[in-house]
Amino acid sequence: MRYLLILLLLLPTKVFSQQVIGSKKFTESYVLAEIAKRKLEEAGIKVEHRQGLGGTTILWEAMRTGAVDFCPDYTGTIREAILQTKTTSLEGLRAELAPFGVGLTESLGFNNTYALAVRREMAEKLGLKKVSDLKVHQDLKVGLTHEFQQRSDGWGPFTKHYGLNMEQVKALEHALAYQAIRGGQIDVMDAYSTDAKLAEYDLVVLQDDLNFFPRYDAVFLYRLDADPKAIEVIKTLVNTIDEEKMVKLNLEAEKKADYVAAANLYFSNLSSQKSSQSVWQKILYWTIEHLFLVAASMLVAVGIGLPLGVAASRQGLLSQAIFSFSGIVQTIPSLALLALLVPLLGISQKTAIVALALYSLLPIVRNTAAGLQDIPSNLRESAQALGLEQQAILLKVYLPMASRTILAGIKTSAVINVGTATLAALIGAGGLGEPIVSGLTLNNPDVILQGAIPAAILALLVEFLFELLDRLLIPKGLRLSS
Amino acid sequence: MIKLTKVSKKYSNLVALETTDLEISRGKTTVLIGPSGCGKSTILRMIVGLIEPTTGVIEIDSQLLSKENILDIRRQLGYVIQDGGLFPHLTAKNNILLMARHLRKNISVMQERLEELCKLTHFSPDRLECYPLELSGGQRQRVGLMRALFLDPEILLLDEPLGALEPLVRSSLQQELKQIFQDLKKTVLLITHDLAEAAYLGDEIILMNFGKVVQRGTVDELQKQPSEAFVTQFLNAQRGFSL
Ligand SMILES: Nc1ncnc2c1ncn2[C@@H]1O[C@H](COP(=O)(O)OP(=O)(O)OP(=O)(O)O)[C@@H](O)[C@H]1O
Ligand SMILES: [Mg+2]
């Protein structure tokens with residue numbers, strides 16, 4: 001058993017010389033990572049893209065521990081969320097990242113931050129280029145998100161900084177603002193500078209000429225010990241994407257629901273490298289990954305759950321402790337459990353397998369204990385009176401008699417596990433959660449279904465498989481009673 | 001053969017068996033009888049080591065029963081309970097062979113022994129592949145008996161073996177048991193509720209009440225020289241039904 005565990009823990013360690021790119025679960029991060037991936041591949045370097053990791057903390061943990069070699073990020077995020085420092089210069093950030101073994105490229109060429117956007121045709125007509133240009137057009141109607149209007153570093157200080165006194169300002173929902181600006185009910189709105197909707201609604205961003213907004217320059221983080229050749233390749237991305245281009249790439253990704261297509265647009269040869277695999281191939285690949293996660297975690301869960309169940313079937317403190325433990329694990333929300341395990345185990349399939357195994361424990365432990373406790377006392381006495389050793393009684397009499405209940409517990413675990421395993425995508429462990437997470441990011445139901453339908457079918461198949469196992473494994477004598 | 005010295009059993013504040021000295025003689029059939037809850041099964045369970053006496057010691061063939069030798073001793077005992085105590089996941093045959101297989105006995109020897117026992121207990125060999133739930137009560141009892149007899153133990157302990165059977169099957173099994181006991185010359189300790197069964201099978205009867213041995217002897221002796229009023233009371237209570 002111990003060797004099996006060790007084997008499982010070693011399994012997903014990265015293949016030497018293969019470089020790993022990580023991305024967070026939002027469109028721009030996916031696209032930048034795909035661009036880097038293709039760049040590296042063209043330079044003959046083996047790359048893997050672990051996509052849609054569940055947030056800054058998880059991805060940073062992965063960088064720090066070396067599970068990921070490269071990832072796109074923003075200077076503002078590095079400053080505020082990762083380092084929590086006041087340093088603003090790239091050199092300063094670089095110096096503070098170095099102790100973690102992490103390096104930082106120059107800006108990729110765009111700044112993804114709060115900005116004011118206006119209709120292109122109006123900007124051209126009025127000659128609006130920078131925020132300062134608004135001073136002579138204070139009659140324009142402004143629509144702001146509630147958040148930007150209220151924030152202490154929002155609209156108030158912003159107008160003071162620029163000496164603006166706009167005449168008409170109202171707050172409205174962000175989603176409605178795009179409709180409103182197109183229809184002319186408002187002329188100026190706040191937006192993220194690389195939002196795909198800017199292109200969709202033909203808006204332009206006014207330059208923050210007096211530098212009010214903090215900078216969120218896009219950069220790549222890299223492991224200082226990554227393949228030096230790969231680092232050189234990533235550095236060639238510096239200053240090759242401006243805001244407008246990024247907006248277009250984001251739009252392409254959201255329209256086509258395909259990051260590879262968006263990355264191809266960067267290389268501006270749309271046809272040459274169409275999505276390298278067909279949808280069916282991708283689904284097959286995800287399904288296999290998914291099955292691996294489920295099988296490996298179930299193996300661990302059964303390996304641990306059975307002995308725990310046997311121990312818990314005897315009355316006493318130990319039994320209570322085991323039930324409390326596996327019960328508590330069950331109540332931790334799955335995302336929180338993943339987040340708790342990441343600092344301990346890094347981001348990898350290994351972490352996902354441990355988390356899934358922990359989740360699968362309770363039904364196995366409970367059913368094993370219940371199955372054993374249900375054995376009538378006269379049959380226990382008969383078994384003991386034969387003169388069998390305790391271990392032989394357990395293996396030859398008790399466990400076989402409880403086998404049906406135990407199998408039912410394993411089945412419950414497995415079916416739940418197939419569903420829960422979709423969350424593994426959040427820590428880069430792959431599986432059918434990958435299309436679900438990216439589909440949610442893209443707001444594209446088709447992509448979500450590419451993961452959700454196979455996952456549902458898998459759950460049904462697992463049910464069916466266990467029905468079959470029930471016929472094959474459970475002694476006929478036990479099935480007669482029902 | 002079996003000897004209890006100053007043995008008692010207490011459950012928290014309930015005395016299941018008062019301090020008792022008892023000797024069960026070799027090669028004879030001794031029957032424990034008495035009202036429900038008087039401590040009959042308690043005695044049997046202690047002999048098999050399923051429960052520990054609160055005080056006193058038990059010897060089997062001059063071996064003191066202890067944690068160390070309990071497995072060996074159990075293998076020299078045949079223990080049969082009501083309804084056979086068969087394991088539902090095993091066929092009749094696998095129930096019977098469970099222990100012999102565990103001890104890695106020779107297969108052809110096992111096969112011979114199985115046939116021999118089928119004859120002895122009048123069990124049809126083509127029912128051997130059936131699971132307990134596919135057998136009748138009488139058949140289950142026969143299988144339980146075969147399992148207990150398989151390794152040819154010197155001592156047979158039977159706790160109401162025929163308790164769950166309807167009268168006709170019960171009476172034919174009584175005859176078979178009597179035959180088997182006589183043929184095999186085992187030391188038998190048998191529990192029953194039924195005075196007629198006790199009289200028919202037992203060389204000697206031990207009558208118990210409230211955790212105490214009241215009187216010991218043949219039915220005749222119990223009838224003619226009752227040690228206390230309870231003996232006559234008990235015998236009269238049963239006469240109407242079974243004689
Ligand atoms: N595990 C136990 N815990 C507490 N009391 C018990 C336990 N087992 C038996 N007893 C009590 O001990 C007393 C003797 O039980 P025992 O099983 O020996 O009775 P018995 O003579 O076999 O009765 P019956 O003819 O009904 O089988 C009973 O009062 C019973 O309730
Ligand atoms: Mg009893």
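Ranking A:TYR162, B:TYR11, B:TYR131 by solvent-accessible area of protein heavy atoms (1.4 Å probe, all protein chains present), from largest to smallest, gives B:TYR11, B:TYR131, A:TYR162.
Where in the range B:56-95 does the label zone of B:ARG216 land, with the point 7 angstrom along Cα→C-beta and an amide N cut-off under 16 Å? Within reach of a label on B:ARG216: B:57-62. The range A:357-430 and the range A:111-154 have their alpha-carbon centroids 64 Å apart.
Per residue, the average separation of C-alpha pairs within less than 8 Å and at least 6 apart gives chain B a relative contact order of 28 percent.
As a calculated quantity, the FRET efficiency between B:SER62 and B:GLU116 at R0 = 35 Å, using C-beta atoms, amounts to about 0.70.
Here the gap between A:VAL279 and A:LEU83, fully extended at 0.36 nm per residue and compared with their Cα-Cα distance, gives a gain of 66.6 nm. Within chain B, the whole DSSP H helices whose Cα atoms reach 24 Å or more along their own axis and whose mean Kyte-Doolittle score is at least -1.0 are B:167-184.
You can think of it this way: the chain between A:GLN330 and A:ASP242 has 27.0 nm of extra reach, that is 0.36 nm per residue less the Cα-Cα gap. Relative to the dominant Cα principal axis of chain A, helix A:445-473 is inclined by about 0°.
The local environment of B:LYS40, defined by Cβ-Cβ distances under 11 Å, has a net charge of -1 under the rule Lys, Arg +1 and Asp, Glu -1.
Expressed as a whole percent, the accessible surface of the range A:56-160 that belongs to carbon and sulfur atoms is 51, based on a 1.4 Å probe. Based on protein heavy atoms only, chain A ends up with 46 Å² per residue of surface accessible to a 1.4 Å probe.
Give, in nm to one decimal, the length gained when the segment between A:ALA171 and A:ASP225 is fully stretched (0.36 nm per residue of separation minus the Cα-Cα distance).
Separation in residues times 0.36 nm, less the Cα-Cα distance, equals 14.6 nm.
Among the trypsin sites (Lys or Arg not before Pro) found in the range B:169-201, not one is both in a DSSP coil and sparsely packed, with 10 or fewer other Cβ atoms within 10 Å of its Cβ. Give me the percent of the accessible area of the range B:71-164 that comes from carbon and sulfur atoms, probe 1.4 Å, all protein chains in place. Of the solvent-accessible surface of the range B:71-164, carbon and sulfur hold 47 percent. Based on Cα contacts under 8 Å between residues 6+ apart, the range A:279-478 shows a relative contact order of 27 percent.
Give, as a single signed number, the net charge of other residues whose beta carbon lies under 14 Å from the beta carbon of A:LEU372, with Lys and Arg counted +1 and Asp and Glu -1. Write down the numbers at each step before the final one.
Values: positive: A:ARG314, A:ARG366, A:ARG380, A:LYS396, A:ARG404; negative: A:ASP374.
Residues close to A:LEU372 contribute a combined charge of +4.
With r defined as the distance between the Cβ atoms of A:LEU440 and A:GLU200 and R0 fixed at 22 Å, what FRET efficiency is calculated, to the nearest 0.05? The computed FRET efficiency comes out at 0.70. These residues, A:THR77, A:THR412, go from largest to smallest accessible area, 1.4 Å probe, as A:THR412, A:THR77. Highest average first, the peptides A:145-152, A:338-345, B:203-210 ordered by how many other beta carbon atoms sit within 10 Å of their residues are B:203-210, A:338-345, A:145-152. The Cα atoms of chain A give a gyration tensor whose axes a ≥ b ≥ c have a/c of 1.5 or more with a/b greater than b/c, which makes the shape prolate.
Ranked by the mean number of other Cβ atoms within 10 Å of their residues, highest first, the peptides A:281-294, B:53-66 come out as A:281-294, B:53-66. Hey, in the GNM for chain B with a 10 angstrom Cα cutoff, which one of B:LEU77, B:LEU44, B:LEU184 fluctuates hardest? Checking each option, the largest mean-square fluctuation is seen for B:LEU184.
Antiparallel beta bridges, as assigned by DSSP with both residues in the protein assembly as shown, represent about 55 percent of the total such bridges. Extent along the principal axes, Cα only, for chain B: 54, 44, 32 Å, with the longest axis given first. Taking a threshold of 24 Å on the Cα-Cα distance, which of the pairs B:LYS6/B:LYS67; A:LYS25/A:LYS160; A:LYS125/A:LYS197; A:LYS24/A:LYS235; A:LYS39/A:LYS245; A:LYS282/A:LYS411 fall above it? Those over the limit are A:LYS25/A:LYS160; A:LYS282/A:LYS411.
Converting phi to 3J(HN,Hα) with the Karplus coefficients 6.51, -1.76 and 1.60 and the offset θ = phi - 60°, the range A:252-260 yields 4, 4, 6, 5, 8, 6, 8, 6, 5 Hz in sequence order, with x at every glycine or proline. Cβ-Cβ distance of A:GLN179 and A:ILE453, R₀ of 35 Å, FRET efficiency by 1/(1 + (r/R0)^6): the value works out to about 0.60.
How well do other chains shield peptide A:376-384, expressed as the mean number of their Cβ atoms within 10 Å of each residue Cβ?
6
The heavy atoms of A:VAL329 offer some 10 square angstrom of accessible surface to a 1.4 angstrom probe.
Which value, in square angstrom to the nearest 100, describes the accessible area buried between chains A and B on both sides, using a 1.4 angstrom probe?
2100 Å²
Neighbours of A:ILE45 by Cβ distance under 12 Å: Lys/Arg scored +1, Asp/Glu scored -1, total -1.
The values are calculated or read from the model by the stated rules, or taken from the named source; none is laboratory data. In this text, all values refer to a predicted model and were calculated from it rather than measured experimentally. When we count neighbours, we look across all protein chains shown, and the Cβ atoms used for this are built from the backbone with ideal geometry, even at glycine. Accessible surface areas use protein heavy atoms only, side chains included; no ligands, DNA or RNA. Shrake-Rupley method; radii C 1.70, N 1.55, O 1.52, S 1.80 Å.
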